[in-house]
Every structure is written in C-alpha cells, then in structure tokens.
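One structure is given here, and the rest of the page talks about it.
Bear in mind these aren't lab numbers, they're just calculated from the coordinates by the rules spelled out. Model, not experiment: these values are computed from the prediction. Please note: Cβ atoms are built from the backbone with ideal geometry, for glycine as well, and neighbour counts cover all protein chains shown.
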C-alpha cells in the first residue's frame, strides 16, 4: 500500500491469473515523473476524502449503529485487546494456512501425475475443470451436511479451493513441457527420475506459482465464508456476530484485519515468487 | 506423431473419458446407497430430484433470479471498470493515488462486507449487486490498466511518427492492445462474480440458487443440495468456457506480431 513507490514495473506481473492464458505484461515504458516527493503523499488523499465523505454522510443519513471512521479508529484498541478477537484471528489464519498446505501437498503430486500420464488425465480432467469452474462457496451447505458445523468442514472447503487451481496448473504445466527439453534429456540418457527432478519439475514452477496465487485468494474467501455460513469460530463469524450485536465499529475493525490478512498472504506469495523463482514471468507460452 | 498413434490416442482418450463417467456415476451411486440419504443422495436420486425441481419450476426461478443479478453485476463491473482503468492509465497522478488501494481491495475477501450491507439495506437486489460488483470489478480494472500501461513504446512511437492524434492512438494502438488484457480480467471477474452471487444469496436473498442450497441443507435434503450444486456447476462451466472462447478469439493480435 505504499502507493508512492508503486511503479508500473513493480506491478506488471501482479495479477498473473492463469499462466497459459494471460497476456505477458511487459515493463511499461514511462517517463519517470518528476516531483516524486509530492507523489509519495498522493495515496493519502483518497483515504482522507473517503473517510470524510463517509463520516459526514453517515452522520447525516444513516442510523446511529452503522460504522463511521472516527468510531472505527476509536474501537481499534478495544478490539486489539480482546482475547476473543485474537482467538478468532488465530483460528482463521491457521485454518487458511492449513487448507493451502493440504491443497499444495495433494495438488502438486496429483497435478504432476496427471500431467505426465495421459490416461489418468483423460479419466479425471473434466471433473477437475468442472469443480474448478464451480464457485467453491456453493459446496459449503453440502459439506455442512457431511462434516457438521465444524473446523473440519472449514479445512475441507479451504483445502478444496486451494487444491483445484494448484492441481490444474501443475497438470497444464507438466503437460506443456516443451518436447525439446525432453529430447535433450533423452539424448543425454537421463533416467526417469532425472527427467522429473531436472526437467519436469523446474519447468512447471511458473505454473505452480500461478496456481498458488489463485489458491491463496480462493482459500481465503472460502474459509471466511464458511465461518459466516456455519458459525465456526473465526474472523468471519466474529465480524457477523459483532454486527448482529450492533457493534458495527468493532466489526469493521475485524474487516480491516481480514483485508490486511488477505493483502499479506498475497504479498507473501509475490515475495516468495521473486525470491525463489526469479525467472518467473506470468506468461510462458 | 504419426496418424496411427494419433488415432489410437483419440480412441483411448474417448474410451477412457466414457469409462470415467460410468465409474464416477457408479461410485456416486454406491456411496449414496451406503450412507443415510441425509448425507449424500445417490446419483439416481439426485437426477430424479433435479428433474422434479425443474418441473416444479424451483430451479428455473432460482436460475432466473441468480442469473439476472449476476448479469447485471457483470455489466456494471465492465461498464464502470474499463473506462475507470483507461482514466487511470491517462492520469499518472490519479493512478499513483489509487493503485495501492485497488490492489488492496483486489486481495480483500469481499464477503466480509455482507453483514454490513445487510444491516444497511436488508435483503434485496441492490445489496447483492454491490457484493457482485465488489467481487468482479477489481480484476477488470487492474488487468485493463496493466494492459494499457504495458503497450510497447515502439507501437506508440510508430503511431506518433505517422502523425496519429490522441484519438487515433487510442483507437488503433492502445485499445486493440488492451482488449485481450481486459478479456483476461473479465474471465477472472466471471469466476469471482459467481462466488459473489452465491455468497450474497446465502445472506441477502430470499430466492436464487444460494437460497436453494441453504434451504436444502437446512431440511437435510441432500438430493436437492446436490442437484442445485450440479446446476451451478453446469452454469459455471458454460460461462467459463464462453469467456475463455471470447478471450482466445482476441489472442491472435495480442502478441503484437
């Protein structure tokens, strides 16, 4: 959010939706704008304007219980010292991380196998694509029938929303392995294991990354929604509970926290990308 | 690859595909038969229930309600999102001021705003449209912005060398270059918009596919829940492949030759 330093280059690969079908963003050719000290403060203005308009219109038009910026800020210390809030925050964060971890540890091997062995792919491809197209929140009601209103249910739906994009991206990445790479490996008499570790896995890394990028966002949404629908201890339920108890300002602090969590997860993935896969470009057709 | 193996592969592929339908439906049937119906209805019970719900009009009503909200939400997101992105691309200052927030909002799970919208507006179309637009608009804005900003400067140089004015530059260079990016944003927006539609209906609606799901789960009618999930999946696949096809159509000139 340090908008002043945001450059076009910095964000050119930010979205990277699906590796094979997103156009390759190129570094923008822009003149560096002079007056950068002034530019650094530009992002402050929208926040100020929004807060002001919100505060005034809320006081004029909206019922007293609805949130407004001054009271949200005043509610921050109260929420930040509330052990219930931290319990909810820890539960949600752990559930989302656990879901992503399960999605990764199942999705990577399954995707690799499906990518390398065509018959397995022909067998399961259509179901994976169908489930991946389906909004995963839609299976929350069904999963409450199976697993009850429980943490297991939350982990299940979170893991599923992470598993699907990771598996599909891995599958596509492994399948689209350029034949020249394999030819080279063959002519150097590489063993099967060496083809895997030396060629197939590194070549599919960019796909894995776009899979993980999609997975984190989806896992977050599904996790929070499942808490809201099934009243599972966590931030989503915490917010809905505060709002229903007419503690809107406290609830909104929860929203800000969830937003911060979403942003940090997303940034972590981006950081890991530049750190561990520096050659990554969103599109490698 | 020779045509012999190509043909053999196609036969194997279709054969295994058909086999998988039989196997999956069979497993579904067996699992459904071996657990109480409140958990997981059999394949045949689900299909029967889907037919019943179609005849009674439940599914069509729900589809119409959800589909209408989804479509209006998508139209609003596109109509507001693309011009806004172009505006940001034109104004360096505005972009610097807002870009950080747009990425932050893009990464925020928008479902958390639902309780507040419910308190403010209750159950209705408007709060649901807000949820859908919140889900769909940010990928459209950000990918379109990215596309416009990443137009190779050679293209712009050529345009200015041949004396293009601002309007011509937009029409012949920037917009054609940006369309595929906007399409990829719209593809993302469709997926997110579906999430928004269903999640909004869980809380902000008395009708629609989301309510069919919630109602079915509440009555322990697993066949109805499975049937509705099946309908949602079919709609989602159709929409996804539709935008994918549109996007592919715009791909040829995206590499810029």
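Oblate is the label for the protein assembly as shown, because the ratio a/c of its alpha-carbon gyration tensor axes (a ≥ b ≥ c) is 1.5 or higher and a/b is not greater than b/c.
Kindly state, to the nearest 0.05, the FRET efficiency for residue B:25 paired with residue B:219, given R0 = 22 Å and r defined as their beta-carbon distance.
On the way: r = 25 Å, r/R0 = 1.13.
My answer for the efficiency is 0.30.
The label point for residue B:126 and the one for residue A:59, both projected 7 Å from the Cα toward the Cβ, are 2.4 nm apart.
Taking each residue of B:200-213 in turn, how many C-beta atoms of other protein chains fall within 10 Å of its C-beta, and what is the average? If you can, show how the numbers build up before the last one.
Numbers: counts 0, 2, 7, 4, 0, 0, 0, 0, 0, 2, 6, 0, 1, 8.
Across B:200-213, the average partner-chain Cβ count within 10 Å equals 2.
Would you mind getting me the FRET efficiency between residue B:13 and residue A:196? Use the beta-carbon distance for r and R0 = 30 Å, nearest 0.05. In this case the efficiency is close to 0.80.
Partner shielding of A:209-222 amounts to 2, given as the average count of beta-carbon atoms from other chains within 10 Å of each residue beta-carbon. Fewest-first ordering of B:92, A:91 by other beta carbons within 10 Å of each residue's beta carbon gives B:92, A:91. Cβ crowding within 10 Å ranks A:163, B:202, B:155 as B:155, B:202, A:163, fewest other Cβ atoms first.
Here the label points at residue A:187 and residue B:165, each 7 Å from Cα along the C-beta direction, are separated by 5.8 nm in the simple model.
Order of A:253, B:235, B:51 from fewest to most other C-beta atoms within 10 Å? Can you show the working numbers first?
Values: A:253 25, B:235 20, B:51 12.
If I rank by nearby Cβ atoms, fewest first, I get B:51, B:235, A:253.
The mean sequence distance of close C-alpha pairs (under 8 Å, at least 6 residues apart), as a share of the length of region A:74-276, puts its relative contact order at 29 percent. Using Cα springs under 10 Å in a Gaussian network model of chain B, which residue among B:196, B:208, B:26 shows the largest mean-square fluctuation? Residue with maximal mean-square fluctuation among B:196, B:208, B:26: B:26. Shielding by partners for peptide B:222-229, expressed as the average number of C-beta atoms from other protein chains within 10 Å of each residue's C-beta, is 3.
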